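Structure first, commentary second.
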Ligand code: KG4
Ligand code: ZN
């Protein structure tokens, strides 16, 4: 089956072509326009998708050597995300499906992240435990099959990626700051500053806003030191945030008996998080999987992959979904 997938839920515009579930091409553009504003400006994101989408779809089809009239299915993210951005991708995809007479499948962005490691690892053994950490979401989910999701915990305030972006902004890094914080923290001394580990409780939830405030206080107390070189404080932030996350993953293991530990989302690209997860996997003798770096952040390959998985398992497309800016995972049909 020849399938085109489109992702425009936030500031990445992406198109991918898959043939029988195998990725043939993906073209992704991260909008740079938001850097100057220190965060994504929804109106600008929507307009920018309008300019990019045609070009990226053509690029993906050309690279895959698939013609538009050969397509059998078009899939697009319809939520959750920014309404203006979602509308561009979803309308484009629906229009294309109608014009070419092929099917359309509405995709849940977070659900696509949950399965994204399979793009790299192939089919994962069930059940598996996913830590999904991005700019908008931080979730711990037990997966026992398609549409069989048990959300064990989520963030009570900021998402993990958002916390990276906020502390990065405090020390003057451009948005999004996650990758820069990762790089600087790697050469910092994480024990020079002590920051409080959040939410040391029995739940599987997360919290990062208190840590961000502690980071700010520490910055104010040691202003000149940190302005000269923020690496140590960033390393302390990263270590505290990730140890907190890992303590929750560790707690979830005996409760869920997973056959694999899986990372997903933009923060899954973090080198320290990948290392900590693989150490835990080795210690507990559970295989660890993470998507290749280009499939961690938002991309249409994961949208197409999920569309194909849903199609082959006979899960009916949900034609009623137009766009859903707010769409909890628990509201997905089936399962
Ligand atoms: O999945 P994604 O592209 O978009 C959302 O759905 O939110 O994730 C983007 C987030 C940003 O907050 C970015 O700073 C973070 O992922 N990120 C990282 C790294 N690379 C991207 N955070 C920590 N370390 C990284 N290497
Ligand atoms: Zn995402």
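The values are calculated or read from the model by the stated rules, or taken from the named source; none is laboratory data. Predicted, not measured: the structure shown is a model, and the values here were computed from it. Here the Cβ positions follow ideal geometry from the backbone for every residue, glycine too, while neighbour counts run over all protein chains shown.
Looking across the range 146-167, the residues that are in contact (Cβ under 8 Å) with a residue 60 or more places away in the chain and either in a loop (DSSP other than H, G, I, E, B) or near ligand 1 (Cβ under 10 Å from one of its atoms) (or both) come down to 146, 147, 160, 161, 163, 164, 165.
The one condition from (1) within 10 Å of ligand 1 (Cβ to nearest atom); (2) more than 16 Å from the chain's Cα centre (by Cα) that residue 179 does not meet is (2). So for the range 237-259 (the condition being touching a residue at least 60 places away in the same chain (Cβ under 8 Å) and within 16 Å of ligand 2 (Cβ to nearest atom)), does at least one residue qualify? No, the range 237-259 contains no residue that is touching a residue at least 60 places away in the same chain (Cβ under 8 Å) and within 16 Å of ligand 2 (Cβ to nearest atom). Of the residues making up the range 20-37, those that are more than 12 Å from ligand 1 (Cβ to nearest atom) and touching a helix residue (DSSP H, G or I) at 6+ places or on another chain (Cβ under 7 Å) are 21, 23, 24, 25, 26, 27, 29, 33. For residue 108, are the conditions met, namely being touching a residue at least 40 places away in the same chain (Cβ under 8 Å), crowded, with 18+ Cβ neighbours inside 10 Å, within 20 Å of the chain's Cα centre (by Cα) and more than 29 Å from residue 147 (Cα to Cα)? Criteria not met by residue 108. Selection over the range 25-54 of residues that are surrounded by fewer than 13 Cβ atoms within 10 Å (Cβ to Cβ) and either assigned to a loop (DSSP other than H, G, I, E, B) or touching a strand residue (DSSP E or B) at 6+ places or on another chain (Cβ under 8 Å) (or both) gives a count of 1.
Considered as a group, the residues in the range 306-335 that are surrounded by 15 or more Cβ atoms within 10 Å (Cβ to Cβ) and closer than 20 Å to residue 84 by Cα include one that is farthest from the chain's Cα centre (by Cα), and that residue is 321. Within the range 112-139, being away from ligand 1 (no atom under 16 Å from the Cβ) and either at pLDDT below 95 or part of a strand (DSSP E or B) (or both) holds for 128, 129. Taken over the range 122-169, the criterion of being surrounded by 16 or more Cβ atoms within 10 Å (Cβ to Cβ) and under 16 Å from residue 289 (Cα atoms) is satisfied by 124, 127, 128, 129, 130, 131, 132, 133, 140, 141, 142, 143.
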